[in-house]
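Right, one structure below, let's go through it.
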Amino acid sequence: ETGVTQTPRHLVMGMTNKKSLKCEQHLGHNAMYWYKQSAKKPLELMFVYSLEERVENNSVPSRFSPECPNSSHLFLHLHTLQPEDSALYLCASSQVGSGSTEAFFGQGTRLTVV
Amino acid sequence: TQLLEQSPQFLSIQEGENLTVYCNSSSVFSSLQWYRQEPGEGPVLLVTVVTGGEVKKLKRLTFQFGDARKDSSLHITAAQPGDTGLYLCAGGGARGAQKLVFGQGTRLTINP
């Protein structure tokens, strides 16, 4: 596999469930990101991990909990979500320190909270 | 807060027509990228422009970065149904991809 891979592609969960989204990048990058994409809104940056340390948390509710065990893997743990959290969740990676501003995205997980 | 405004937000045209999508800001960016996103997929990087006034061509797509590095445009010549998708511009700053600012997107539909 190449690029950035996200699983699952689709997820339906109840408000009391706990689930996790997984992201794996095969590009040798040293930074990974979680974005939320809702209808009619710009992409919202949620979390940034650079060199496996969380460097950004854009006021995301605690019901979203990221984990970055190594530079290739990123998780987003979900618990007690609300219906308004339904969205496309995108993972991305980039190479920090190279001067590049390019981010490479996975295919996303379409999350529906019922 | 840096913002990027894209216009138009929606555009539906016939195959073979030309179109231009704009991405504007009051802020200066060190680079600007254009992505295309198809339904149910993640954004795919099309191009990065880094120099004020820079023009890049990708087949029938022409991208331009404004002289002041505050705006950009995407021009498509002889649009085809395969060009249909959501086009996103994103501005990068000193912290590179860690602080990308995205526009809200232009949803383009090319009708056969």
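The values are calculated or read from the model by the stated rules, or taken from the named source; none is laboratory data. Predicted model only: the values in this text are computed from it and were never measured. For neighbour counting, all protein chains shown are included, and Cβ atoms are generated from backbone atoms with ideal geometry for every residue, glycine included.
Name the single residue, out of those in region A:49-69 being of a type in the set (D, E, K, R) and part of a strand (DSSP E or B), that is farthest from the chain's Cα centre (by Cα). Give the derivation first.
Of region A:49-69, the ones of a type in the set (D, E, K, R) are A:52-54, A:56, A:63, A:67.
Next, from what is left, pick out any that are part of a strand (DSSP E or B): A:53-54, A:56, A:67.
Values: A:53: 15, A:54: 13, A:56: 13, A:67: 10 Å.
Only one residue fits best here, namely A:53.
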Given the conditions (1) touching a strand residue (DSSP E or B) at 6+ places or on another chain (Cβ under 8 Å); (2) closer than 28 Å to residue A:46 by Cβ; (3) modelled with pLDDT under 95, which single one is not true for residue B:95? (1)
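So that you can scan it fast, the table gives a plain yes or no per residue for (1) within 14 Å of chain A (Cβ to nearest Cβ); (2) not β-branched (Val, Ile, Thr):
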{"position": "B:14", "(1), (2)": "no, yes"}
{"position": "B:19", "(1), (2)": "no, yes"}
{"position": "B:29", "(1), (2)": "yes, yes"}
{"position": "B:45", "(1), (2)": "yes, yes"}
{"position": "B:53", "(1), (2)": "no, yes"}
{"position": "B:62", "(1), (2)": "no, no"}
{"position": "B:86", "(1), (2)": "yes, yes"}
Quick check on residue A:1: is it modelled with pLDDT under 90 and over 28 Å from residue B:32 (Cβ atoms)? yes
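Suppose the filter is surrounded by fewer than 17 Cβ atoms within 10 Å (Cβ to Cβ) and touching a strand residue (DSSP E or B) at 6+ places or on another chain (Cβ under 6 Å); does residue B:72 pass it?
Values: surrounded by fewer than 17 Cβ atoms within 10 Å (Cβ to Cβ): no; touching a strand residue (DSSP E or B) at 6+ places or on another chain (Cβ under 6 Å): yes.
Criteria not met by residue B:72.
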Here the residues within region A:22-51 that are away from every other protein chain (no Cβ under 11 Å) and of a type in the set (Lys, Arg) are A:22, A:36
Which count do you get for residues in region A:56-114 that are surrounded by fewer than 16 Cβ atoms within 10 Å (Cβ to Cβ), within 14 Å of another protein chain (Cβ to nearest Cβ) and touching a residue at least 24 places away in the same chain (Cβ under 8 Å)? 2
Of the conditions (1) out of contact with any Ser or Thr (no Cβ under 7 Å at 6 or more places or on another chain); (2) part of a strand (DSSP E or B); (3) within 12 Å of chain B (Cβ to nearest Cβ), the single one that residue A:19 does not satisfy is (3)
Which numbered condition in (1) in contact (Cβ under 8 Å) with a residue 12 or more places away in the chain; (2) assigned to a strand (DSSP E or B); (3) over 19 Å from residue A:109 (Cα atoms) is the only one that residue A:35 fails? (3)
